[in-house]
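Below is one structure; the comments refer to it alone.
The values are calculated or read from the model by the stated rules, or taken from the named source; none is laboratory data. Keep in mind that what you see is a predicted model, and the values were worked out from it rather than measured. For neighbour counting, all protein chains shown are included, and Cβ atoms are generated from backbone atoms with ideal geometry for every residue, glycine included. Quick note on the areas: whole protein, heavy atoms, side chains included, nothing else; ligands and nucleic acids left out. Shrake-Rupley method; radii C 1.70, N 1.55, O 1.52, S 1.80 Å.
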Amino acid sequence: MEGWVDIFTRINQKYNIVNALQYCQDKKVLEIYAYCIMHGNIH
């Protein structure tokens, strides 16, 4: 796709996102049912 930039190309970036989500689940009582980390976005 033209105009899209791959922002999650490094594994550390993905781990940072997962760790942040886990922190929010543990400390902020965030309920996450599913997520998907793709090259250019998160769902």
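At-a-glance table
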quantity: The chain: calculated mean residue ellipticity at 222 nm from DSSP helix runs of at least 4, using -39500 (n - 2.57); calculated: -13500 deg cm²/dmol
quantity: Whole-Hz ³J(HN,Hα) from phi, Karplus 6.51 cos²θ - 1.76 cosθ + 1.60, for the range 13-25, glycine and proline x; calculated: 5, 5, 4, 4, 5, 5, 5, 5, 5, 5, 4, 5, 5
quantity: Additional length obtainable on full extension of the chain from Asn19 to Ile37, 0.36 nm per residue less Cα span; calculated: 5.2 nm
quantity: Tyr23 - accessible surface, heavy atoms, 1.4 Å probe, Å² rounded to 10; calculated: 120
quantity: Options [x] 13.2; [y] 11.2; [z] 11.5 - which one matches Kirkwood radius over Cα pairs in Å as calculated here; calculated: [z]
quantity: Solvent exposure of the chain as accessible area per residue, Å², 1.4 Å probe; calculated: 94
quantity: Filtered trypsin sites (Lys or Arg not before Pro), the chain: DSSP coil and at most 14 other beta carbons within 10 Å; calculated: Arg10, Lys28
